[in-house]
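Q: Below is the structure I would like to discuss, written out as structure tokens.
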Amino acid sequence: MPAACDSVLEDIEDIVSAEDVKPHDRQFMRRNVFPKVRKRNSQKNVQTEDDPPSDSIIPGVQKIWIRTWGCSHNNSDGEYMAGQLAAYGYKITDNSAEADLWLLNSCTVKNPAEDHFRNSIKKAQEGKKKVVVAGCVPQAQPRQDYLKGLSIIGVQQIDRVVEVVEETIKGHSVRLLGQKKDNGKRLGGARLDLPKIRKNPLIEIISINTGCLNACTYCKTKHARGDLASYPIEELVDRAKQSFQEGVCEIWLTSEDTGAYGRDIGTDLPTLLWKLVEVIPEGAMLRLGMTNPPYILEHLEEMAKILNHPRVYAFLHIPVQSASDSVLMDMKREYCVADFKQVVDFLKEKVPGITIATDIICGFPGETDEDFQETMKLVELYRFPSLFINQFYPRPGTPAAKMPQVPAAVKKQRTKDLSQLFHSYSPYDHKVGERQRVLVTEESFDCNYYVAHNPLYEQVLVPKDPLLMGKMVEVNIYEAGKHFMKGQPVPDARVHTASINRPLAKGEVSGLTEEFRCAPQNGRNWKAHPSAEIPVKTPLSSWMALQLPWQQGGGLKILSASLALLAVLVMFYYGGMKTEL
């Protein structure tokens, strides 16, 4: 046992011995410290005019070009990133040459899409552009050689795009690949009420969930999007309401598998859809996204009722991929051909004229000639008006990439044979002479027509009359092609205007409240139409303190902690000064 202390300390300051440095001695030493000048290599530290020091760059004034590949989910992510950047002050440009930074939002479904993505990175680097990459490719494989040194935004981190772009412009590399979680539970992704710039101001793309419940052996998207995570119904309905208030007349619901919606949060797709149709105004329409057969089988009765609703397109995208059960088993698709036929036959019976779109993969590993012929028979039987034909590409890291491959020449020939079958029939010839109601939402690729869709989501080209855009009109069908019909508006027919308000201008930021548009932020005003501008006079320290509304929570906590720490340091400093006095 240690010996007891011989003396009693009356005060904690008595612990200081005579040999310890006193406060006034510390102050004297502080005053006699002289900085040592470090010798620098003058040539090494010269900054070129084209590469200013990072702390002299004012964020929010640069031009950004955004390119997105892939599905409508990816397109929605791209719109959200554009909206946040524009709200912060960056100018979104359609001219890649004049942009200071390229934001490349990738797709990992097929090799060609990734090749385009990789080539765009190379082109940007050759043009001395700053590069930020996003989407499924870097999320699934962030360590690929061609991504080294690049900033990455993960598919669930798109609400932090401003931070990543800002640091990249300063010359730093940032990688945010984490998952959104609440009490350990994975969320659907970034908030739905973030600012966005719609590619088409009349169409709102809403991602109802991310990820899926399957483990298909050929799929790389699963590596990026992960397991199923659904958004709450209330949030989705609120987003739809906001969209209609901003002049949207068509909503697309999208995800990796809409049919699986809600299984992780105790609800289901029909429940969501019934809530949504309650808020769709007259003259507006809802389009459902892709659903796999297993999950739609459970809700066939309810889905048929919903697809018959006058404000829901009688359209469903149900990928079959192959008509061979053995191939489907190797794909781990979790259904058989009979399941697919049951879904299609039931919907065709209960929803008159319904459009069924499907996907087929040609040349999957192990596919025999007999397997492929079964697929050809299925297409011949149903004569799908919309058919997505894909030659199989082995994606790195997937089980299918390790399977014995079908020869390239065979895959190519099967793809050609199926394409010829698809183009051998005309799905719309019998509709010439019909009178149809169509919703006009887009401009054709050749810019010669406006694009509309009838209640079956069949494409109808109409004259380029600006008065028709965003309207539901009646047309007489006078011509039909493989993928479209042409219609002439019926004179004096009733025109429905779905929009509650005027549609936003192209490039205008959606999701900004009037309060955000006009409220002062640190002594300055935001302007968000089409994008905010940051005055050059703003000091960098003040600029760094600015926060977007959707980022304020965490930032305020950090700021409060910093101020508290600063207060403690000041108290210690002045306490020492008083002791000396």
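The values are calculated or read from the model by the stated rules, or taken from the named source; none is laboratory data. Everything numeric in this text was worked out from a predicted model, so none of it was measured. Cβ placement follows ideal geometry from the backbone for every residue including glycine, while neighbour counts extend to all protein chains displayed. The accessibility values were calculated without ligands, DNA or RNA, using every heavy atom of the protein model including side chains. Shrake-Rupley method; radii C 1.70, N 1.55, O 1.52, S 1.80 Å.
Q: Quick one: in the range 137-157, which of the residues that are open to solvent by less than 10 Å² (accessible area, probe 1.4 Å) and in contact with a Gly (Cβ under 7 Å, 6 or more places away or on another chain) is nearest to Trp102 (Cα to Cα)? Even if it seems obvious, please write down each step before you answer.
A: Our first condition is that a residue be open to solvent by less than 10 Å² (accessible area, probe 1.4 Å); within the range 137-157, this holds for 137-138, 147, 151-154, 156.
Next, only the ones that are in contact with a Gly (Cβ under 7 Å, 6 or more places away or on another chain) stay: 154, 156.
Details: Gly154: 16, Gln156: 20 Å.
Going through the qualifying residues, I end up with Gly154.
Q: Looking at the range 87-102, can you tell me whether even one residue there is at pLDDT below 50 and of a type outside the set (Asp, Glu)?
A: Scanning the range 87-102 turns up no residue that is at pLDDT below 50 and of a type outside the set (Asp, Glu).
Condition check ((1) within 19 Å of Asn75 (Cα to Cα); (2) touching a residue at least 24 places away in the same chain (Cβ under 8 Å); (3) among the charged types (D, E, K, R); (4) in contact with a Leu (Cβ under 6 Å, 6 or more places away or on another chain)) across all residues:
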| residue | (1), (2), (3), (4) |
| --- | --- |
| Gly89 | no, yes, no, no |
| Thr93 | yes, yes, no, no |
| Leu103 | yes, yes, no, no |
| Thr108 | yes, yes, no, no |
| Asp115 | yes, no, yes, no |
| Lys122 | no, yes, yes, no |
| Glu126 | no, no, yes, no |
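Q: Okay, moving on. I'd like the full set of residues that are buried (at least 21 other Cβ atoms within 10 Å of the Cβ) and touching a Leu at 6+ places or on another chain (Cβ under 9 Å), limited to the range 458-470.
A: Within the range 458-470, Val462, Gly470 qualify.
Q: Now, a different point. Given the conditions (1) in contact with a Cys (Cβ under 9 Å, 6 or more places away or on another chain); (2) at positive phi, and given that Gly171 satisfies all but one, which numbered condition is not satisfied?
A: That leaves (1) as the condition not met.
Q: How many residues are under 30 Å from Lys471 (Cα atoms) and under 22 Å from the mean Cα position of the chain (by Cα) if we restrict to the range 262-284?
A: 4
Q: Checking the structure you have, find out if any residue of the range 290-297 is in a strand (DSSP E or B) and not hydroxyl-bearing (Ser, Thr, Tyr).
A: The initial filter retains those residues of the range 290-297 that are in a strand (DSSP E or B), namely 290.
Checking the rest, the ones that are also not hydroxyl-bearing (Ser, Thr, Tyr) come to 290.
So far as the range 290-297 goes, yes, one or more of its residues are in a strand (DSSP E or B) and not hydroxyl-bearing (Ser, Thr, Tyr).
Q: Right, next: Test Leu421 against the stated conditions and say whether it is touching an Asp or Glu at 6+ places or on another chain (Cβ under 8 Å) and closer than 30 Å to Thr368 by Cα. Please lay out each step first, then the result.
A: Working: touching an Asp or Glu at 6+ places or on another chain (Cβ under 8 Å): yes; closer than 30 Å to Thr368 by Cα: yes.
Answer is yes for this residue.
Q: Mind checking which pairs have a first residue in the range 460-474 that is farther than 18 Å from Ala505 by Cβ and modelled with pLDDT of 95 or more and a second that is polar (S, T, N, Q) and surrounded by 17 or more Cβ atoms within 10 Å (Cβ to Cβ), Cβ under 9 Å, 6 or more apart or different chains?
A: Val460/Gln436; Val460/Asn454; Glu474/Gln436
Q: Looking only at the range 226-266, how many residues end up being open to solvent by 10 Å² or more (accessible area, probe 1.4 Å), free of Cβ contacts under 8 Å to residues at least 60 places away in the same chain, assigned to a loop (DSSP other than H, G, I, E, B) and within 19 Å of Ser72 (Cα to Cα)?
A: 3
Condition check ((1) buried (at least 19 other Cβ atoms within 10 Å of the Cβ); (2) in contact with a Pro (Cβ under 6 Å, 6 or more places away or on another chain); (3) assigned to a strand (DSSP E or B); (4) free of Cβ contacts under 8 Å to residues at least 40 places away in the same chain) across all residues:
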position	(1), (2), (3), (4)
Ala338	no, no, no, yes
Phe364	yes, no, no, no
Glu370	no, no, no, no
Lys377	no, no, no, no
Ile389	no, no, yes, yes
Gly397	no, no, no, no
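Q: Quick one: in the range 168-225, of everything that is of a type in the set (Lys, Arg) and under 13 Å from the mean Cα position of the chain (by Cα), which residue is most open to solvent (accessible area, probe 1.4 Å)?
A: Lys199
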